[in-house]
Amino acid sequence: MIQFTEIQIDWETRSFLKNILQETFDVAHINQVLRSACGVVDFFENSSDAADFACYLAESYDFVQEPDRTAYGDFQTNPNLASRVASFLKQKSIIPAILIEPTFGKGNFIVAALSAFPGLQQIVGVEIYKPYVWATKFSILQYFLEHKDQPPPIVQLYHQDVFDFDFRRLSRQIGSQEVLILGNPPWVTNAQLGAMNVDNLPTKSNFKNLSGLDAMTGKGNFDIGEFITLTLLQTFQHSKGSMAFLVKNSVIKNLIFDQQHRPLHIGNIAQYAIDAKREFDVSVDASLLVCDLNKTPEKLCSRLLFDDPQNIGNQFGWNQNKFVFDLAKYRLVEAFDGTCPFEWRQGLKHDCSSVMELSRVNGHFSTPKEPEVHLEQDLVYGFLKSSDLKGGLLAAAKRSTIVTQRKVGQDTSYIKKYYPRTYQYLNAHWDEFAGRKSSIYRGKPPFSIFGIGDYSFMPYKVAISGLYKSPVFTLVLPESSKPLMLDDTCYFIGFADYENAAIAFALLNHPNVTNLLSAIAFADSKRMYTKEILQRIDLRVVAMSVATAEIQEICRSAGLTNIPDEEHIAAFLEGVQPQTIGQAHFKFFDPV
Ligand SMILES: C[S@@+](CC[C@H](N)C(=O)[O-])C[C@H]1O[C@@H](n2cnc3c(N)ncnc32)[C@H](O)[C@@H]1O
C-alpha cells in the first residue's frame, strides 16, 4: 500500500486523475495519458500503485503521520525560495536544456525550474522518500494543468537512493547539452547518523579517503550534502552547464580547500548567503553555491548575499599555497603569514564540569550541587573560560578546577596517597567520570584530563578565545603565585617571565596581527581561531614591523602598569627565533 503523507493535491489535479482512473486500470494507458499531460515518465510504477491511488481518491483523505526524517537531512526548500533561486539563475543567463535534481524532495525546485526555464527538454530527479515522489508528481501534473500551452519536457523521477544512482551513465547520455544541477542536498553528517544509529550513507566510496564503513563508524566526520555535491561535480565537471546548490557554508569552504590538491573543472564559483533561520528555521550558515562546469579549475570563491547580490563581498580561497578568507585584505598583510615562533596550545579538557568546576567560598569550594567541598589546595587551579578573555590583563579567576595530571596519561593513583580529600571527592563522582562520552577517556587512568602538559603550568600566558569573533588577546598572570588554567575553548602561548609575555601580548594585539587574522580566519566557522590559524602568525616578522614605543603604548592603553623597557624589547626581538622563547620549564609547584 502506498504511504500517502500530507500530499497537497489541488481540486483540478484530483478530478483530472479521478477521471482517468475511472476509465481504466490499464497502467500503460494511464501513464501514456499522464506523460502527454505533464511529461512524467511512468507516473505509476505498476498497476497496484494506480489501484491504490484510486482507492485513496475514493476514500478521500487518509494521511499518514510524517515520520522523523532527521536522518535524511530533510529541510525542504520552500516554493518561494525555490522560485527566487530559479529566477536568479535565469537572470544570470543560465538557460538549461536538462535539469538534474539529485534529491528532489517535494519537488519545489523542479516546479520552480519549469516556470523559469520553459524550454527545458528533460528533467531527471532522484528521491529516497516515496511520499515525496508522489507529491512531486502531483505538483508537476498540477503545473501543466495550469500551463496547458507549455510543452512538457521528459520528466524522469526515480524513487531511489541517490548513492546507488548511476550519474555517470546520465553524464554520458547528456553529451553536449546544457545542464543545470539544481537542488538542496540533505543536511546531515555521518556523526549525526551514527548517534541515531541510522544508515544513510554511501556503501562504497573513497570520500575523503574514508570507506562507507569507516564513515559510518565515525572514523571521520563528513557531511552527506558535501558528499553528494562532490560526487555530482566530479561526474559532471566536463559537461556544459552549471550547478546551483543550497548547502552549508562549510561544504563550500571544503570544496574550495580541496581545489588545491584535487581540482575540479569548475569556475565562476560564488556563494550567495541565505538567511537559513528565515528560510529553514535552522541556525546554520548556508548559501546558494553557484558555479560553471567545464572550466579551468578555479581556487577562489566570491561571497555575496542572495538578497542583495549587488553588494560585493570578499573572495576566499587560495593565494598561492595559503588558504585565506579575504583575499583583498590578505594582500596587505601577507608578510605576517608564516610560522609562529611559539607553540599555540589549546586549554584543558575534562568533559565533567559538574564535578571539575568549582567556586571558591570562604576557605572551601562549592559546586551548584554541593555547597561544601573540601579539597587540598595543591591540585586546585584558577580556571578561565572564553567568556573571561575580554582583552587587557587578567590575574584572577571566578572559578577553579582540579588538575589531576601534569601530562596526558599520567598515573593518578598518587592522588589517593597525597591528597585524600581530593581523592574522596573525585571518587564520590566516579560515575560522572565514567559516563564521559568521548572515547579519548577510554582506557585512561581514573579522573583523566586532556590538554595538559608542562606548557599548562607556565605562569604567564597570552590567550584568545577560539569561539568569539574579535581577535582580542588577554595577558593572563598567575593568581597567588599559581598559574591560571584555561579551558579547551581557549588557545594560548605560555611564558616563563612577565616581560616576554607582555611584549607578545602587545604584538598580538597590534593591527598587523588583527588584520592578518581577519584575512585568514573564516568568520562563519564555529571556532574561528584554531591552533592552526594562530600558528600562522609570524610574530618574528610582526615584532620587526612594530616600533618599541608602539609596543609600550599598547601595553599602557591595555592597563598594564609594568611596561616592558627598551632593553627587554630589544632582547625579545633578538631572541625571537622559531621555538626559542617561553618554552622553559616553569617550576612553581613541582609534581608529586
Ligand atoms: C534538504 S532536503 C531538500 C529537498 C529538495 N531538494 C528541496 O530543495 O526542497 C533533502 C532531501 O534529500 C532526500 N534524501 C535524503 N537522503 C537521500 C538518499 N540517500 N537518496 C535520495 N534522497 C535522499 C530527503 O528525503 C529530502 O527530501
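Quick look at the numbers
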quantity: Residue match in the stretch 103-118 (condition: closer than 22 Å to Ala286 by Cα, without any contact (Cβ under 8 Å) to a residue 60 or more places away in the chain, outside any helix (DSSP H, G or I) and within 15 Å of the ligand (Cβ to nearest atom)); calculated: yes
quantity: Odd one out for Gly73, checked against (1) modelled with pLDDT of 90 or more; (2) within 16 Å of the ligand (Cβ to nearest atom); (3) crowded, with 18+ Cβ neighbours inside 10 Å; (4) not polar (S, T, N, Q); calculated: (1)
quantity: Test: Val408 is assigned by TED's automatic domain parsing to the domain that holds Ser448, under 24 Å from Leu486 (Cβ atoms) and under 32 Å from the mean Cα position of the chain (by Cα); calculated: yes
quantity: Residue in the stretch 17-25 that is part of a loop (DSSP other than H, G, I, E, B), at pLDDT below 90 and not assigned by TED's automatic domain parsing to the domain that holds Lys248 present; calculated: yes
quantity: Residue satisfying condition, being surrounded by 19 or more Cβ atoms within 10 Å (Cβ to Cβ) and not assigned by TED's automatic domain parsing to the domain that holds Ala463, within set Gln535, Gln552; calculated: Gln552
quantity: Among residues of the stretch 379-409, those that are under 19 Å from Val355 (Cβ atoms), touching a residue at least 40 places away in the same chain (Cβ under 8 Å) and of a type outside the set (A, V, I, L, M, F, W, C), counted; calculated: 8
quantity: Residue that is modelled with the lowest pLDDT, among those in the stretch 168-199 that are under 21 Å from Asn254 (Cα atoms) and part of a loop (DSSP other than H, G, I, E, B); calculated: Val188
quantity: Matching residues, the stretch 101-158, being among the hydroxyl-bearing types (Ser, Thr, Tyr) and closer than 20 Å to Lys90 by Cα; calculated: Ser115, Tyr143
quantity: Looking only at the stretch 273-318, and only at residues there that are touching a helix residue (DSSP H, G or I) at 6+ places or on another chain (Cβ under 8 Å) and among the hydroxyl-bearing types (Ser, Thr, Tyr), the one that is farthest from Ser239 (Cα to Cα); calculated: Ser283
quantity: Among the residues listed as Lys461, Lys469, the single one being surrounded by 24 or more Cβ atoms within 10 Å (Cβ to Cβ), touching a residue at least 24 places away in the same chain (Cβ under 8 Å) and of a type in the set (Lys, Arg); calculated: Lys461
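The values are calculated or read from the model by the stated rules, or taken from the named source; none is laboratory data. Note that the structure is a prediction, hence the values are computed from the model and not measured. Every residue, glycine among them, receives a Cβ derived from its backbone with ideal geometry; neighbour counts consider all protein chains shown.
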